[in-house]
Every structure is written in C-alpha cells, then in structure tokens.
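The values are calculated or read from the model by the stated rules, or taken from the named source; none is laboratory data. Note that this is a predicted model, so its numbers are computed, not measured. Reconstructed Cβ throughout: ideal geometry from the backbone, glycine too, with neighbour counts over all protein chains shown. Accessible surface is based on the protein model in full, side chains and every heavy atom, while ligands, DNA and RNA are left aside. Shrake-Rupley method; radii C 1.70, N 1.55, O 1.52, S 1.80 Å.
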Amino acid sequence: MNRSILVVYRPAAGRYAAQFRAVVAAAADLGVRTVVLLPTGEQAPETDGLARYHADLEDTASVRAAVGRIVAEHRVERIFPLFEGDVLPAARCRRDHGIPGLTPDQALNFRDKNVMHRRAEELGVRVARSCRPDTVGTVARFADEVGYPVVVKPYAGWACGNTYRVDGREELDRVWEEMGDDRHEYRVEEFVRGTEFHVDSLFQDGEAVFEQLSQYTYSVLEYRDEPGGTISRKYGLSPGERGILELNAVVLRGFGLRTGVVHAEFFLLDDGSVVFGEAGARAGGGSIVPAIEAGRGINLAGEWCRLELDPDHRPAARPGPEVGTEYLASGEYGRITAITSPDELKALDGVLDADVWKSAGDVLAPPTRSNDVLGWYVCEGSDFEDVRTRFKTVRDAFRVETEQA
C-alpha cells in the first residue's frame with residue numbers, strides 16, 4: 001500500500017477549504033497520498049480524485065469505525081483534523097491504530113477546558129478562577145467572590161458558541177434557565193480584564209519552529225456588536241508580550257505537544273502579568289491562516305503536514321510587515337440582494353486578500369458564534385494603529401443589501 005495521510009474534513013461554508021488544499025499539496029509534494037473523511041452525505045469538489053469515506057463526525061464511534069475501514073485499505077501515517085471538534089476523535093483513532101501524533105490524554109489538554117486549566121496551573125501558569133456550575137447557588141456565590149461579570153461557557157466549546165457574559169444575578173437566572181439540564185457541559189470563569197492576544201505556533205519534536213503573536217482588536221465575547229479583528233505583533237514587543245511567547249512554549253510542551261500546530265490565547269493585564277486563556281491543537285480559525293500566509297508566506301496547515309512527514313523540514317517564513325485581518329459582518333438581516341465581492345475588496349489600497357462566504361440569495365440571520373460571519377479580508381500596514389485605521393476604510397467600503405426573506 002502507498003504512503004497516505006487521512007484528513008478529517010468538514011467542507012461546510014468553505015472555512016477549511018484553503019487549509020485542506022494546503023495539506024493535500026504538501027503531502028503530494030512529499031509523495032504521500034491523501035485520504036479524506038467527510039461528514040455523512042457531504043461532498044466537496046476539492047476532494048475530487050481523492051479516496052473519500054464518510055462518517056457521522058458528531059459520533060466518535062462512527063468515526064472510529066470509518067477509520068478502521070480506511071486503515072485496512074490504506075497505509076495511513078498521520079491523521080489531520082482541521083476542525084476543533086475533531087481533535088479528540090482523531091486522537092482516539094491514532095491510539096486505535098498506533099498512528100503517531102497527539103494521544104487522547106494529550107488531546108484532552110487542548111479540548112477540555114477543565115483539564116486544560118488544571119494542567120496549566122500544574123505548570124505554574126496563571127489562569128482565570130473558575131467553578132463548576134453544579135447549582136445556581138454555587139455560581140452565585142462564586143460571582144459574589146470574584147465579582148461580576150462572570151463567563152459561562154461549554155467546557156469543550158469553540159467560537160464562543162453558547163458562551164455568556166453574565167453581569168448580574170438577574171442575568172444569571174436567565175442563563176441558568178437556558179442551560180437547562182446541560183449544566184454539566186459548562187464551566188464558569190471570572191471575567192479577565194486585559195488585552196487579549198493569540199499565538200499561532202508550529203512545533204516539531206517539542207520545539208517551536210514558528211510562532212506569531214497577534215493582538216485582538218475587540219473582545220471575543222462581543223462578536224455580536226463588532227466584527228472580529230486581529231493584528232500581528234512582530235516588532236518592538238513589550239516585556240509583557242515577550243512574556244506571552246515564553247509562556248506559550250511552557251504551556252504547549254507541558255500539554256504534551258511534540259509536533260503540530262496550535263492556536264493559543266492569553267490576556268495581558270495592566271500590571272504586565274499574563275493569564276492563559278485556552279489553546280486548540282489546530283490552526284487558528286476564521287482568517288488567521290490566510291492572514292499568516294499573506295504576511296509570512298506560509299500556510300499553517302500545510303506546514304503542519306510537512307513537519308509531520310519530513311523531520312528535516314523547517315518553515316521558511318519571511319518577517320513581512322504587520323498584517324491584520326477582520327471578519328466581514330453586517331447589521332442587515334434577510335435575503336441578500338447585493339454584496340461587495342472579494343475582487344472589489346482586494347482592489348482597495350493595502351488589502352492583500354479577501355473572501356466572501358455569502359452571495360445574493362443567501363439569508364442573513366443574527367450570529368450565534370463568533371465565526372458566524374460573511375467572510376474576511378487581510379490588509380497590511382506599518383504598525384498596529386496603521387492597520388487598525390485601514391480596517392475602518394475596508395469596513396466602510398463593504399456593502400450588503402437585503403430584503404425581507
């Protein structure tokens with residue numbers, strides 16, 4: 001059997017298409033075939049010509065059974081889950097078949113926020129104070145102790161789905177009713193008041209071979225009120241920013257990462273101290289991958305594949321200017337009658353890349369997750385403030401017209 005990799009791929013909305021193509025291309029360059037595991041009933045033109053299998057990706061047993069069939073027919077050397085929710089099932093499949101990579105025990109450090117924060121504390125890393133929402137009284141006492149607001153979130157969620165900022169007891173009672181019988185799936189954290197950063201890293205054999213620090217331009221929890229933006233921080237780092245990079249390496253090694261890609265989030269407080277937020281063992285979501293590709297010349301997902309398959313590979317990233325990316329959003333809801341195209345956005349000064357996921361005829365509804373948006377763009381600038389100024393120019397140029405659906 002030929003050398004193969006398995007990519008667990010969810011083609012919906014096109015959010016992972018560029019990552020998928022980069023992994024396939026990297027494997028092909030190294031003479032390795034790609035096998036694809038897709039959600040039941042779904043197809044994608046970018047998978048044409050590849051060996052394709054299907055499973056209910058929401059059911060770990062279905063995934064493990066499908067991978068069992070795959071490894072019986074292909075010599076799978078690595079498994080690449082592109083989506084956060086597939087990280088743990090992929091790790092269980094690796095264990096089933098002796099495939100190198102993140103183990104289930106290690107994957108839990110990156111997926112289960114209860115485990116994640118306990119492990120970070122063991123490593124001496126500061127995290128937000130938290131409690132389990134066993135009863136509403138427990139949460140109320142915790143909120144009185146740390147002070148409102150508090151954050152209620154799924155312990156294994158992503159993109160701020162079903163995540164609540166709670167500002168008082170009345171709001172807590174309302175959120176408690178919404179949680180219903182699923183309280184065991186949640187955790188409660190103090191609200192950390194600080195500037196939020198993320199680090200996107202590539203590791204090989206326990207060492208960072210690429211890392212980029214970026215700063216969010218908004219509060220991730222307030223995605224309903226403003227589009228999500230992030231700007232790279234490459235030059236003139238403060239001691240606190242350098243401290244984030246140092247802590248990032250401590251966390252990732254302590255979580256057991258050997259080779260792979262990680263998107264991790266941290267808060268920098270006014271006193272210069274750093275609080276760890278969370279980390280996912282996958283490339284950053286939204287437009288982080290195309291932003292890094294535009295600014296640094298590498299695709300994180302493709303580089304992950306190369307690092308796994310070629311022990312001598314090192315990413316050839318260029319320094320580049322400061323680069324920012326922002327989601328495209330609209331306050332208009334209903335059926336789209338007209339929308340600015342990616343080419344129109346790319347024609348704007350400083351815009352390096354853009355993608356629009358919606359088109360005329362689609363129906364817009366209020367967002368339910370931080371990545372429930374219309375698309376994204378990437379632009380460059382001389383520094384953080386210059387990039388943020390360009391954000392406003394692009395945002396003002398983006399137009400969406402709708403009619404009642």
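For region 235-251, residues that are in contact with a helix residue (DSSP H, G or I) (Cβ under 9 Å, 6 or more places away or on another chain) and either in a strand (DSSP E or B) or open to solvent by less than 20 Å² (accessible area, probe 1.4 Å) (or both) total 1.
Just checking, which of Arg111, Arg94, Arg165, Arg119 is surrounded by fewer than 19 Cβ atoms within 10 Å (Cβ to Cβ) and either on the phi > 0 side of the Ramachandran plot or among the basic types (Lys, Arg) (or both)? Sole residue among the options that is surrounded by fewer than 19 Cβ atoms within 10 Å (Cβ to Cβ) and either on the phi > 0 side of the Ramachandran plot or among the basic types (Lys, Arg) (or both): Arg165. I'd like the residue in region 178-210 that is hydrophobic (A, V, I, L, M, F, W, C) and open to solvent by 20 Å² or more (accessible area, probe 1.4 Å) and, out of all such residues, is farthest from Gly254 (Cα to Cα). Out of the qualifying residues, it is Phe191.
With respect to the conditions (1) surrounded by fewer than 18 Cβ atoms within 10 Å (Cβ to Cβ); (2) within 15 Å of Gly286 (Cβ to Cβ), Leu374 falls short on a single one, namely (1).
Can you find, within region 264-278, the residue that is least open to solvent (accessible area, probe 1.4 Å) among those that are of a type in the set (Gly, Ala, Ser) and over 9 Å from the mean Cα position of the chain (by Cα)? Selected residue: Gly277.
Restrict the check to region 370-378 and report whether at least one residue is within 30 Å of Glu241 (Cβ to Cβ), among the polar types (S, T, N, Q) and in a loop (DSSP other than H, G, I, E, B). Yes: region 370-378 contains one or more residues that are within 30 Å of Glu241 (Cβ to Cβ), among the polar types (S, T, N, Q) and in a loop (DSSP other than H, G, I, E, B). A search for C-beta distances below 6 Å between a residue of region 237-260 that is touching a residue at least 24 places away in the same chain (Cβ under 8 Å) and any residue that is surrounded by fewer than 21 Cβ atoms within 10 Å (Cβ to Cβ) and in a helix (DSSP H, G or I), counting only pairs 6+ apart in sequence or on different chains, returns Gly256/Gln106. In the set (1) open to solvent by 10 Å² or more (accessible area, probe 1.4 Å); (2) hydrophobic (A, V, I, L, M, F, W, C); (3) at pLDDT 95 or above, the condition left unmet by Ala159 is number (3). Among the residues of region 173-188, just one is over 14 Å from Gly137 (Cβ atoms) and of a type in the set (Phe, Trp, Tyr), namely Tyr186.
Scanning region 377-405 for residues being over 17 Å from Val323 (Cα atoms) and open to solvent by 70 Å² or more (accessible area, probe 1.4 Å) gives a total of 6. Within region 1-22, being charged (D, E, K, R) and over 12 Å from Leu37 (Cα atoms) holds for Arg3, Arg15, Arg21. Condition (residue is closer than 22 Å to Arg183 by Cα and at pLDDT 95 or above) applied to region 73-85: is it met by at least one residue? No, there is no match, as no residue in region 73-85 is closer than 22 Å to Arg183 by Cα and at pLDDT 95 or above. Considering region 1-54, the residues that are farther than 13 Å from Cys305 by Cα and among the acidic types (Asp, Glu) include one that is least open to solvent (accessible area, probe 1.4 Å), namely Glu46.
Is it the case that region 310-323 has a residue that's of a type outside the set (Asp, Glu), more than 23 Å from Val289 (Cβ to Cβ) and either surrounded by fewer than 16 Cβ atoms within 10 Å (Cβ to Cβ) or without any contact (Cβ under 8 Å) to a residue 60 or more places away in the chain (or both)? Yes, because at least one residue in region 310-323 is of a type outside the set (Asp, Glu), more than 23 Å from Val289 (Cβ to Cβ) and either surrounded by fewer than 16 Cβ atoms within 10 Å (Cβ to Cβ) or without any contact (Cβ under 8 Å) to a residue 60 or more places away in the chain (or both).
Against the criterion of being of a type outside the set (S, T, N, Q), part of a loop (DSSP other than H, G, I, E, B) and within 23 Å of the chain's Cα centre (by Cα), Pro290 does not qualify. Is one or more of the residues making up region 329-338 more than 18 Å from Ile288 (Cβ to Cβ), in a strand (DSSP E or B), of a type outside the set (S, T, N, Q) and open to solvent by 60 Å² or more (accessible area, probe 1.4 Å)? Yes, region 329-338 contains at least one residue that is more than 18 Å from Ile288 (Cβ to Cβ), in a strand (DSSP E or B), of a type outside the set (S, T, N, Q) and open to solvent by 60 Å² or more (accessible area, probe 1.4 Å).
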